[in-house]
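Novice: This is the structure I want to talk about, given as C-alpha cells.
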Amino acid sequence: MSRTVAVLHGPSLNLLGRREPAIYGTTTLAEIDQRLASLGDTLGVRVECAQRNGEGELIDVVHGWAGRVTGALVNAGAYTHTSLALRDALVAVQVPFVEVHLTNVHAREAERRRSMLAPAAVGVVCGFGAASYEHALRALVGHLSPT
Ligand code: DQA
C-alpha cells in the first residue's frame, strides 16, 4: 500500500461525543478515525489521523505532509472560517485536500458560511455528521485515481 491520506481535525474536535451532541452527534473522534482506517483498507490507502487545537500546531502538521502524503481530509473546525495562514500552509505543501464538516455550515450562523480553506480545496463535504469524513475519503480517493 503506497498512498497515504492524512486526516486533520482542528480545535475541540477531540471533544466529539460530548461536545454539543445535539449538533455534532455522539460519535467520538476515536470512532471516526477507526472507521476511516478501515475504509482506507478497503480503498487501498493508508490513513493517518491527527488532531490539534492550536492554529500553529495545525500548520506544523500540514508542513509535515510535504512530499510524503498523497491527499488529505481537513476539518479545521472554527479555523476554517478565519485562517488564511492554514490555507497558505495547505497550498505550500501542494497536497490536494477535501474540506470536511460534520454539520452543514451553510445552514448555521452567517460567520460559518465563509471558508478560508475552500478556495484551495478539491471539494467540500459537510452536513452528514460523522459520515462526512467517509464520504470525503471516498471522494478524495476517486479524485486521486479517476477511472
Ligand atoms: C465544524 C463546523 C465549524 O463551524 C465549527 O467551528 C466546528 C466544527 C463541523 O465539523 O461541523 O468546530 O467544522
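Novice: Name every residue in the range 1-51 that is over 17 Å from His135 (Cα atoms), within 11 Å of the ligand (Cβ to nearest atom) and not polar (S, T, N, Q), in order of residue number.
Specialist: Correct list: Gly10, Pro11, Leu13, Leu15, Leu16, Arg19, Glu20, Ile23.
Novice: Leu58: more than 21 Å from Ala30 (Cβ to Cβ) and either touching a helix residue (DSSP H, G or I) at 6+ places or on another chain (Cβ under 6 Å) or in contact (Cβ under 8 Å) with a residue 40 or more places away in the chain (or both), yes or no? Write out each step before concluding.
Specialist: Values: more than 21 Å from Ala30 (Cβ to Cβ): no; either touching a helix residue (DSSP H, G or I) at 6+ places or on another chain (Cβ under 6 Å) or in contact (Cβ under 8 Å) with a residue 40 or more places away in the chain (or both): yes.
Judged against the criteria, Leu58 is not a match.
Novice: Just one of (1) surrounded by fewer than 23 Cβ atoms within 10 Å (Cβ to Cβ); (2) within 12 Å of the chain's Cα centre (by Cα); (3) of a type outside the set (S, T, N, Q) trips up Val100, so point out which.
Specialist: In the conditions (1) surrounded by fewer than 23 Cβ atoms within 10 Å (Cβ to Cβ); (2) within 12 Å of the chain's Cα centre (by Cα); (3) of a type outside the set (S, T, N, Q), Val100 misses (1) alone.
Novice: If you go through the range 78-117, how many residues are among the aromatic types (Phe, Trp, Tyr) and either part of a loop (DSSP other than H, G, I, E, B) or within 11 Å of the ligand (Cβ to nearest atom) (or both)?
Specialist: Of the residues in the range 78-117, the ones among the aromatic types (Phe, Trp, Tyr) are 79, 97.
Subsequent filtering for residues that are either part of a loop (DSSP other than H, G, I, E, B) or within 11 Å of the ligand (Cβ to nearest atom) (or both) retains 79.
Residues that pass the stated criteria total 1.
Novice: Assess whether Gly25 counts as being under 22 Å from Leu86 (Cα atoms) and either modelled with pLDDT of 95 or more or buried (at least 16 other Cβ atoms within 10 Å of the Cβ) (or both).
Specialist: no
Novice: Here's something else I'd like to know. Quick check on my filter: what residues within the range 68-77 are more than 11 Å from the ligand (Cβ to nearest atom), surrounded by 18 or more Cβ atoms within 10 Å (Cβ to Cβ) and of a type outside the set (A, V, I, L, M, F, W, C)?
Specialist: Once the filter is applied, which keeps residues that are more than 11 Å from the ligand (Cβ to nearest atom), surrounded by 18 or more Cβ atoms within 10 Å (Cβ to Cβ) and of a type outside the set (A, V, I, L, M, F, W, C), the range 68-77 yields Thr70, Gly71.
Novice: Now for a different question. Applying the selection to the range 53-67, what residues are more than 13 Å from Leu90 (Cα to Cα) and either crowded, with 21+ Cβ neighbours inside 10 Å or in contact with a Gly (Cβ under 7 Å, 6 or more places away or on another chain) (or both)?
Specialist: none
Novice: For the range 52-61, what are the residues that are more than 15 Å from the ligand (Cβ to nearest atom) and touching a strand residue (DSSP E or B) at 6+ places or on another chain (Cβ under 7 Å)?
Specialist: Val61
Novice: Could you please find all residues in the range 46-64 being among the acidic types (Asp, Glu) and part of a strand (DSSP E or B)?
Specialist: Of everything in the range 46-64, just one residue is among the acidic types (Asp, Glu) and part of a strand (DSSP E or B), namely Glu48.
The values are calculated or read from the model by the stated rules, or taken from the named source; none is laboratory data. These numbers were taken from a predicted model, which means no experiment stands behind them. Positions of Cβ are backbone-derived with ideal geometry, glycine not excepted, and every protein chain shown enters the neighbour counts.
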